[in-house]
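Trainee: Sending over a structure as structure tokens; questions will come in a sec.
Laboratory data are not the source of any read-out in this text; all were calculated from the coordinates shown. If you're wondering where the values come from, they're calculated on a predicted model, not measured in any experiment. Neighbour counts run over all protein chains shown; Cβ positions are idealised from the backbone, glycine included.
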Amino acid sequence: MRFDPANADALTLAPARVHEAMGRGRRAFALFQAARHPGPLIWILPAHAPEMPMLAGLPRGLGERLHLLRPAGETDLLWCVEEALRAAPVGLVIAEPEKPLSLTAGRRLQLAAEAGRTAGLMLIREDAGSNATQTRWLCEPQASPDPDSTLHRWPRIKNKSGTCGSWIVNWHGATAAFHLVPEAGERQQPAEPPR
Amino acid sequence: MPLADARAICPDLATRPADLPREAAALATLRRWAGRYAPMVATDGADGLIADISGVAHLFGGEEDLRADLQARLDRAGLAAVSAIAGTRGAASALARHGGGIVPDGALVQGIGRLPVAALRIDHATAEALARVGLARIADLAGLPRAPLARRFGPGLVLRLDQALGAQAEPVAAEPEPPHFGVRMTLPEPIGLQADVMAGLARLLDRLCAKLALHHRGARRLRLELRRVDSGTAEVEIGLARPMRDAARIAALFARGVDEIDAGFGIDALRLTAPVTEPMAPEQTGGATIRHEDALADLLSSVGNRIGFDRVLRLLPAESLIPERSFLLAPAAYSAPSAPPPRSGPPRPVTLFPPEPVSHASGHPPATFRWRRMRFSTLRATGPERIAPEWWFDDPAWRSGLRDYWRIETQQGPRLWLFHTPQNPGWCVQGEFA
């Protein structure tokens, strides 16, 4: 996907970089990003992981693009991530490493992503990320008072080139469509005077 | 004779079920071997071979010597076989199934005349009808006028009789040999460097891929055998995510295996075979989509060769309402992607895991509960959706009976997929919604 800054919104992942997501809602965030990336998807999860993506619940058009890799060990998993990032036609690589990523591993993944022009998303445990990541998101599902909305709170807590921020998103999980929910907060500057 | 009758006559009878594919494979092997006696060898029925030995017999010292040589070799191999030589295919086939022997040239009627008419490869009904009118032997038929025979017993009998007696030609149609996808190279001096092995491999791959292209096939598995000077061998085997015959891309997959082999004192012969091939039509080269598919297949091949092709998976829809069986995990290299059916009915979670019981559940649906050492209180519950077990499978996870599924939105945020088992009261979490 060609990166088009005009089209990019706050939730767009920078292309050809590796990003990290943590928190309870990280899989939902990964699926949201997967629905926004065209092309084949590679989801790498350890062989003994009990949590599997369920085909009937995935966003539309995602099931037939998804490839699951289930390597047996952590070394194999990182090797698979690197190999998948280097492959040009892949749209997004999602991986669930079990151990904290070392700086070396994080840097190698960034280089692989740049070589293959592929975006990667690591679903990490709490504070198990690497400093080499482009952005880090702390994803939590949020209870919504309105029965028709499924709210997610996706704050960006680290960004190498840009600002951090916090967004509450209403995304129902069926397509790539979403609504940003304006957060009720204190206004930093006075409202514009009436003309 | 039915098996029960045979058992009644001989109670100690040892029987085995017939293994037809293996018998056919053994016969095909024997056919290849029999090529040493004649250029044209074909299988004759399920249990026979027929060879056209015109102009060959003198190489073995005559027909008697040829047949004796054949019998001696088969005996030494432990095969009990009967052989016959005759001027026509029909006569040889008939004689071989009734004792064997040699029919001299020009004496066909005398040679096979004493055989029963059933030896003419005619169907059972015709043979019985002939026996009823007193025509039991071939010699009885040979002198009869053809036209009344054909009118009464059909043209098939006359055709078989003419074929056996040489009035009708019946050539031996040997089927073509299946192509063998293997190439080898012997080296004058042993080599040990990785680059040298890869260079040798590149030459072998060029030849093998040309052969694959000629037969419109693509390799699925490739094996490289390296013979060392101390007569040891090293093997590298790779799998491919889809049929392929592109030398450069296959060579890249061999690099890791070649890196690991022990060359010892040097390698003096290379042999490359494709044990598993699949049909692959010629396709247009170039084009963005084709390149993308190729690149993805390359990725799956290289990953599959390291972690195993059974770990490179794809989700395929399945016809079942049971959540665990509503999709299949199929090896991506051996399945084609298929779109899941459009969403209908109650929503499904995005992640599914084996059921985990909740504790301290209060109410129905539970207003508060504990799961994974966290406390949840229900904000909104949608359901129930009852799913009954598939009684035709005995699934240990479903022995607790019916399940009532609820979508529970918690105050704490997570939206969980809980179920209640009314026949065996208890609550479990099985999935998490987006």
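Trainee: Kyte-Doolittle mean at least 0.5 and Cα extent at least 27 Å along the axis: which DSSP H helices of chain B qualify?
Mentor: Long hydrophobic helices here: B:194-214.
Trainee: Find out how many positive minus negative residues lie around B:Pro116, taking Lys and Arg as positive, Asp and Glu as negative, among other residues whose Cβ is under 15 Å from that of B:Pro116.
Mentor: The answer is +3.
Trainee: Now for a different question. For every other residue with a beta carbon closer than 10 angstrom to the beta carbon of A:Thr150, add +1 if it is Lys or Arg and -1 if Asp or Glu, then tell me the sum.
Mentor: Overall, the nearby charge balance is -2.
Trainee: Could you list log10 I(q)/I(0) for region A:95-146 at q = 0.21, 0.28 Å⁻¹, which the Debye formula gives when each Cα is one point scatterer?
Mentor: -0.77, -1.20
Trainee: Right, here's the next one. What average count of beta carbons from other chains do you get within 10 Å of the Cβ of residues in B:315-324?
Mentor: 3
Trainee: Let me ask another. For the pair B:Ala173 and B:Val133, what calculated FRET efficiency results from E = 1/(1 + (r/R0)^6), where r is the Cβ-Cβ distance and R0 = 25 Å, to the nearest 0.05?
Mentor: 0.15
Trainee: Positive end of the dipole of region A:18-137, charges at C-beta (+1 Lys, Arg; -1 Asp, Glu), about the Cα centre: which of A:Ala28, A:Pro53, A:Met122 has its Cα farthest in that direction?
Mentor: A:Ala28
Trainee: Hey, another quick one. Mind checking the full-extension length gain between B:Arg372 and B:Ala255? Use 0.36 nm per residue of separation minus the Cα-Cα distance, one decimal, nm.
Mentor: Answer, rounded to one decimal: 37.5 nm.
Trainee: Let me ask something else. Shape of chain B from its Cα gyration tensor (a ≥ b ≥ c, root eigenvalues): rounded if a/c is under 1.5, otherwise prolate when a/b > b/c, or oblate?
Mentor: Note, shape of chain B comes out oblate.
Trainee: I would also like to ask the following. Under the definition of Cα pairs under 8 Å and six or more residues apart, what whole-number percent is the relative contact order of chain B?
Mentor: Taking the mean separation of contacting Cα pairs over the length of chain B, I get 8 percent.
Trainee: Identify, among A:Thr12, A:Thr75, B:Ala91, the residue whose Cα sits farthest towards the positive end of the charge dipole of the protein assembly as shown, taking +1 on the Cβ of Lys and Arg and -1 on the Cβ of Asp and Glu, with the dipole about the Cα centre.
Mentor: A:Thr12
Trainee: Quantify how strongly other chains surround peptide B:338-351 by giving the mean number of their Cβ atoms within 10 Å of each of its Cβ atoms.
Mentor: 5
Trainee: So what is the calculated 222 nm ellipticity per residue for chain A, using -39500 (n - 2.57) for each DSSP H run with n of 4 or more, over all residues, to the nearest 500 deg cm²/dmol?
Mentor: Mean residue ellipticity, 222 nm, calculated: -6000 deg cm²/dmol.
Trainee: Give me the log10 of I(q) over I(0) for the protein assembly as shown at q = 0.06, 0.07, 0.12 Å⁻¹, as the Debye formula computes it from C-alpha points; what are the numbers?
Mentor: Debye intensities relative to I(0), on a log10 scale: -0.58, -0.71, -1.21.
Trainee: Ok, one more. When you look at the Cβ of every residue in A:66-76, what mean number of other chain Cβ atoms sits within 10 Å?
Mentor: 5
Trainee: I need the shape label for region A:18-137. Rule: rounded when a/c is under 1.5, else prolate if a/b > b/c, else oblate, with a, b, c from the alpha carbon gyration tensor.
Mentor: Rounded, because the longest to shortest axis ratio a/c is under 1.5.
Trainee: From Cα pairs below 8 angstrom and at least 6 apart in sequence, can you work out the relative contact order of region B:99-246, rounded to a whole percent?
Mentor: Answer for region B:99-246 is 14 percent.
Trainee: Which ordering of B:Trp392, A:Trp43, B:Trp427 is given by a fewest-first count of other beta-carbon atoms within 10 Å?
Mentor: Listed from fewest to most nearby Cβ atoms, that is B:Trp392, B:Trp427, A:Trp43.
Trainee: Sticking with this structure for a sec: Return the aspartates and glutamates within reach of A:Lys99: Cα separation strictly under 18 angstrom, same-chain partners fewer than 8 residues apart disregarded; answer none if there are no such residues.
Mentor: Those aspartates and glutamates meeting the cut-off are A:Glu20, A:Glu51, A:Glu74, A:Asp76, A:Glu82, A:Glu126, A:Asp127.
Trainee: Picking from B:Phe369, B:Trp427, B:Pro396, whose Cα lies most toward the positive end of the charge dipole for region B:351-432 (charges on Cβ: Lys, Arg +1; Asp, Glu -1)?
Mentor: Working it through, the farthest residue towards the positive pole turns out to be B:Phe369.
Trainee: Please figure out what share of the DSSP beta bridges in chain A is antiparallel and state it in percent, rounded to the nearest 5.
Mentor: If I count the DSSP bridges inside chain A, around 45 percent turn out antiparallel.
Trainee: If you fit an axis through the alpha-carbon atoms of helix A:74-86 and take the longest principal axis of the Cα set of chain A, what angle between them do you get, 0 to 90°, nearest 10?
Mentor: 70
Trainee: Quick check: from the Cα gyration tensor, does region B:111-156 come out rounded (a/c under 1.5), prolate or oblate?
Mentor: oblate
Trainee: Here is a further query. With the contact rule set at Cα under 8 Å and sequence spacing of 6 or more, what percent relative contact order holds for region B:351-432?
Mentor: Once normalised by length, the contact order is 30 percent.
Trainee: Also: Hey, how many Å between the Cα centroid of region B:239-284 and the Cα centroid of region B:33-112?
Mentor: When both Cα centres are located, 43 Å separates them.
Trainee: Sorted by packing (mean other beta-carbon atoms within 10 Å per residue), highest first, where do B:324-332, B:42-50 land?
Mentor: By packing density, highest mean first, the sequence is B:324-332, B:42-50.
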